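What follows is calculated from the coordinates using simple rules that are stated; it is not laboratory data. Source: prediction; values computed, not measured. In this analysis, Cβ positions are derived from the backbone assuming ideal geometry, glycine residues included, and neighbour counts consider all displayed protein chains.
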Amino acid sequence: MSNTGIGARVARLEDQRFITGAGKYTDDVNVAGQTYAAFARSEHAHATVKSVDSKAALAVPGVIAVFTGADLEKDAIGPLPAGWMIHSKDGSPMNAPGHPCLVQGKARYVGDPVAVVIGESLAAARAGAEALAIDYDVHEAVTDPAKARSSATQLHDSAPKNTCYEWELGDKAATAAAFKSAKHVTKLSLSNNRLVPNPMEPRSALGNYDAGTDSFTLYTTSQNPHVARLVMSAFLNVAPEHKLRVIAPDVGGGFGSKIYVYPEEVVCTWASKKVGRPIKWTADRTEAFITDAHGRDHVTNAEIAMDERGKILGLKVHTTANLGGYPSLFATCVPTYLYATLLSGQYDIPAIYAEVDAVYTNTVPVDAYRGAGRPEATFLVERIVEIASREMGIDPATFRKRNFIKKFPHQTPVIMNYDAGDYAASLNKACELIDYKGFGKRRREAARRGKLRGIGFSCYIEACGIAPSAAVGSLGAGVGLWESAEVRVNPTGNVEILTGSHSHGQGHETTFAQLVSDRLGIGIDQVTIVHGDTDKVQFGMGTYGSRSGAVGMTAISKALDKVEAKAKKIAAHLLEASESDIEFKDGAFSVSGTDKKVTFPEVSLNAYVAHKFPSDEIEPGLKEGAFHDPSNFTFPAGCHICEIEIDPETGVCEIADWVAVDDFGNVINPMIVEGQVHGGIAQGVGQALMEGVSYDSSGQLMTGSFMDYCMPRADNLPSFKVDTTVTPCPSNPLGIKGCGEAGAIASPPAVINAITDAIGHENITMPATPQVVWQAARQGAARAAE
Amino acid sequence: MYEFAYHRPNSIRKASSLSASGEAKFLAGGQTLLPTMKQRLASPDALIDLAGIEALQGIELKGRTLHIGAMSRHADVASSAVVREAIPALAALAGDIGDPHVRAMGTIGGSIANNDPAADYPAACLGLGATIVTNKRRISADDFFTDMFETALEEGEIITKVLFPLPRRSAYAKFDNPASRYALVGVFVSKRGRDVRVAVTGAGPCVFRVAAMEDALSKRFAAKSLDGISVAAGDLNSDIHASADYRAHLVGVMARRAVAAA
Ligand SMILES: Cc1cc2nc3c(=O)[nH]c(=O)nc-3n(C[C@H](O)[C@H](O)[C@H](O)COP(=O)(O)OP(=O)(O)OC[C@H]3O[C@@H](n4cnc5c(N)ncnc54)[C@H](O)[C@@H]3O)c2cc1C
């Protein structure tokens, strides 16, 4: 292994610019003649906009224009679509009304944009937005997903009972039969709390129309600029694809929330032609809270059936998933194909039946958020398995091992075909690292200090490397989920990699360069990664679903294969040898069995001068592209164990210890992987202990700022013990599975299992704030006293 | 934020006369006032920055009284050798307000003028029996904090300093609101001669004293003395962060912890 190749702990190349303030984010981009947009947003969760009077706004000095939904309608700018078709049990297609970029008719959540004011300055635009007189007819709101289907309030005429779909997966009859033969059945009702993604950089857009070329440029905070361009062209009618350039420069975190096309970027682009000036908009944190797609929000009832030895026979799940006011771009697939397909967990479960009802409520739209569906599945499976083991009096580690899938490939009853894994290996290693045997002693020692100590397991699995195009197409996806790459070798031997992946915190500039360094034997400083610009990269599907390693890097690897093959041909001519005798190693081509050699930069130069090979046989130049469509999902899995100490007087939980043993297949850069795991655990601990969106019954967001919405901070977390086990992924040549979401997927059940272990009963909701835990601990104490 | 005029007078007299016209506001650390203005919830037409006024600065021990100038930043109080020696609990309280940015800017005068129901300093003022000195008069802490975000200050009145009589024992126990890290419940206890004070912030609409606890502690200053004494949940705040019952319970827990630490 070279010190910059695959497997090396290379410090992130991009961090120099990020930590010295030299990064270039969308809001850092300024163009001559720029104006500013301010959006007037609905203050009501559910209201018909009767009129928008812009007279006073237009009179504000510096205000240039005001646009409303009617202006979009006139220009046939379409609503934001749902990108994944789901069919209900009865075969009917989902009810997925579009989301107009400015309200047309009704506003359906607090924050829904009603009008935009364009001003010479931000202050003018905001003053204009305030001066708009918007007349509302306010309706009752429904915010609770559990009440949406029976509510008298109807959000959309086209979605009776506020229902998008009633979907099912698995074999209902076989599952019912499994329950009939069961010796023990464990039941669980839970809610998976709603979260605000809160990337550090708020969303931003700068739309610019160029009359000379009749084309648009949009700078935007996107995880997938090509998809944004496609949606804006094909569905929204903003501009044809070849007349729209989308650039996503440095992006400060996304966690999923920057996958989707949002009203603001559409409006800034479209309106830049109407006013003949560039238009910039940047969300403030308050806007981020009420406009970035939220995550999770499930209400679930589940039952699991076991035989007398604790062997799982079947699992039955009913989930109501809250989509918010409209179906966001990928929202419909999150609680279905990204959720129910993982309900088998790491376990050999012969029969599974899941039903999911997706509902609309007067809340911010919900879509994929770090983990997307898989944290919800893992939380359910790992909670119910834990409770089942406790109820049956079987040690939770033993119970899990008894039910682990041991032979691969393994076909689950819920679509997924797991290709490789060794679940006992990660569980055993995690038990060793945390000293599971010594837990009883630690618990007694804590009790002497007046603390309740508990231990919680989470053996998670996820489906990453999203995803085989034909497979997702058959499940309703509107797009294919391959990835593209182009390798451009310059005459002097340095290399530009154009990728359809997009880095917004993942460190692609480092890991992708490590792959190239490894393959071509050149330093990583000889490699530039180009991404995030539709004029540079021809097409790509972007970064989410832990796909950029497994899919994006495989595309690069394929293109590198082609570069190497062609370079070999050229080297053969330079060395006057037969191509079959050429070996490529450590950056040099040699003739096997001789000391004749030519370096990669020498071959590169010769590729472009084209003096020494027949250019009728070999084309000059050295540039190759590849598209890679994966043959399967990848299946990262592992075991996290958390130990918690509770102060029963206050309910404060302190995480005393944390072990994570993950199987990500082969690892490109262990340091970056550890960083991803750390961040993921922090987010999962946030969900488990602190974060939770709260709406009042009228649909006002009660947790609209960091004063009320609690984010995890460094002092809430211990030093994590992070380790790996490795079963290489068989479906890509690099053997990698993906690590971006694992921490967020694994951690919430580990925390809640530890708390429930400590307090001695299962009645805990997330976020388990001190108040929640205090109440639960009191119940526990009361029960123990009985 | 709306437009406003900005003044930086160098004397209390000038500050006072500037405040006489229009909708002016004093600016101290700006940690509360500026965010409110950014959110367009306040729109003063002028800000009178108090940072240039020498007379509002300084920390000094005079006999058995600690004088803290109104413009003393939280970080100054936290790190002051004088405060740490005289009333360590007060230095610790200041050092636990907000985050380093907030402590570098926020001031004692701004904090108590604002009288946020979850702020820490009001508990110290009431719990130590402080006197608030203004450009017009002296106000005892017992009379100063009148209601939620309300004080005895009159229009244009400027806090110049706060006088703390030295206690024999004192401690502050704070239970953080997990999100904002203001006090969900904070209890300041002190003992000076036979005078025992228990002041509670965060729990109710305004900082308050708990007479039953003070009586019990003046008989015997020990955590045990508080067993069985509780505050009525009925008068306490209930919100998404904590029910009144939980707050009432925490008042007891924090009071015992403060006494044990004092
Ligand atoms: C993120 C964050 C976290 C915080 N956490 C805490 C916490 O944990 N505990 C806590 O107690 N506080 C907390 N605060 C509040 C902080 O302590 C503020 O500094 C304080 O509330 C106001 O002080 P200031 O000096 O910033 O006043 P300013 O914001 O400048 O002024 C506040 C008000 O007081 C008036 N005023 C200021 N000085 C005087 C004076 N000398 N005479 C008369 N009127 C005056 C102003 O006109 C204004 O109305 C936090 C603030 C932030 C932003």
Residues meeting the amide H criterion for residue A:464 (H placed from the backbone, H to H distance under 5 Å, 5 or more places apart or on another chain) are A:634, A:635
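GluC sites (Glu not before Pro), restricted to the range A:532-637: which are DSSP loop and have at most 15 other Cβ atoms within 10 Å? All intermediate terms of the calculation are to be shown ahead of the outcome.
Values: sites: A:564, A:576, A:579, A:583, A:602, A:617, A:624; in loops: A:576, A:617.
Those satisfying the criteria are A:576, A:617.
Report the longest stretch of chain A that contains none of the trypsin sites (Lys or Arg not before Pro) sitting in a DSSP loop with at most 14 other Cβ atoms within 10 Å.
Numbers: sites that count: A:9, A:24, A:89, A:183, A:309, A:406, A:407, A:449, A:536, A:612, A:713.
Formally, the longest exposed-site-free interval is A:184-308.
How well do other chains shield peptide A:646-653, expressed as the mean number of their Cβ atoms within 10 Å of each residue Cβ? Provide the component values of the computation, followed by the final result.
Numbers: counts 0, 1, 0, 7, 9, 3, 3, 0.
Average per residue, whole number: 3.
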Estimate the FRET efficiency between residue A:31 and residue A:180 by the formula 1/(1 + (r/R0)^6), using the beta-carbon distance for r and 51 Å for R0, to the nearest 0.05.
0.15
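Add -39500 (n - 2.57) for each DSSP H run of 4 or more in chain A, then divide by its residues: what number comes out at 222 nm, to the nearest 500 deg cm²/dmol?
Working: 20 runs with 215 residues, N = 786.
Taking each H run of at least 4 residues, the total per residue is -8000 deg cm²/dmol.
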Out of residues 5 or more away from residue A:638 or on other chains, whose amide H comes under 5 Å of its own, with H placed 1.01 Å from N in the peptide plane?
A:460, A:663
³J(HN,Hα) computed for each position of the range A:383-398 - Karplus, 6.51 cos²θ - 1.76 cosθ + 1.60, integer Hz, glycine/proline x:
6, 6, 5, 4, 5, 4, 5, 5, 4, 8, x, 10, 3, x, 6, 5
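Restricting attention to the range B:143-191, which GluC sites (Glu not before Pro) occupy a DSSP loop and are surrounded by at most 14 other Cβ atoms within 10 Å?
When the GluC sites (Glu not before Pro) of the range B:143-191 are filtered for loop state and at most 14 Cβ neighbours within 10 Å, B:154, B:155 remain.
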Most fluctuating residue given options B:211, B:124, B:28, as computed from a GNM of chain B linking Cα atoms under 10 Å
B:211
Residue-averaged beta-carbon neighbours from other chains (10 angstrom radius) around B:178-189
3
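Compute the relative contact order of the range B:5-52 as a whole-number percentage, counting only Cα pairs closer than 8 Å that sit 6 or more residues apart in sequence. Kindly include the intermediate steps, with their values, before the conclusion.
On the way: 61 pairs, mean separation 27.9, N = 48.
That works out to 58 percent.
Assign unit charges at the C-beta atoms only (+1 for Lys and Arg, -1 for Asp and Glu), then state the dipole size of the range B:169-261 relative to its Cα centre in Debye, rounded to the nearest 20. The partial results should precede the final answer.
Working: 14 positive and 8 negative charges, 116 e Å.
Dipole magnitude for the range B:169-261 comes out near 560 debye.
For each of B:201, A:412, count neighbouring Cβ atoms within 10 Å of the residue's Cβ, then give the residues from fewest to most. Can you show the working numbers first?
Working: B:201 31, A:412 21.
In order of increasing Cβ crowding within 10 Å: A:412, B:201.
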With an 8 Å cut-off on Cα pairs and a minimum separation of 6 or more residues, tell me the relative contact order of chain A in percent.
15
Rounded if a/c is under 1.5, else prolate if a/b is larger than b/c, else oblate: which is the range A:568-613, with a ≥ b ≥ c the root eigenvalues of its Cα gyration tensor?
oblate
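If R0 is 45 Å, what FRET efficiency do you get for residue A:597 and residue A:130 from their C-beta distance, rounded to 0.05? Don't skip to the end; give the middle numbers.
Working: r = 72 Å, r/R0 = 1.60.
E(calc), rounded to 0.05, equals 0.05.
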Anisotropy class of the range B:5-52 from Cα gyration tensor, a/c 1.5 cut:
oblate
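From the cross-link list A:280/A:721; A:258/A:566; A:597/A:623; A:180/A:451, which pairs have alpha carbons spaced over 32 Å apart?
Numbers: A:280/A:721 44 Å; A:258/A:566 38 Å; A:597/A:623 22 Å; A:180/A:451 42 Å.
Over 32 Å Cα-Cα: A:280/A:721; A:258/A:566; A:180/A:451.
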What percent of all Cα-Cα pairs in the range B:55-165 falls in each 10 Å bin, counting up from 0?
15, 54, 29, 2
Could you check the spin-label model distance between residue A:616 and residue A:629? Points 7 Å from the Cα along Cα→Cβ, value in nm.
3.7
What is the local net charge at residue A:625, summed over the other residues whose Cβ is closer than 15 Å to its Cβ (Lys, Arg +1; Asp, Glu -1)?
-2
Full-stretch length increase - residue A:241, residue A:525 - with 0.36 nm per residue and alpha-carbon distance subtracted
98.8 nm
Would the range B:140-262 count as rounded, prolate or oblate if I go by the C-alpha gyration tensor, calling it rounded below 1.5 in a/c and otherwise prolate when a/b exceeds b/c, oblate otherwise?
oblate
Built amide H within the under 5 Å cut-off of residue B:47, gap 5+:
B:5, B:6, B:7, B:25
Rg (Å, one decimal) plus Dmax (Å, integer) for the alpha carbons of chain A?
27.5, 92
Using a Förster distance of 45 angstrom, determine the FRET efficiency expected from the C-beta separation of residue B:169 and residue A:404, and round it to 0.05.
0.15
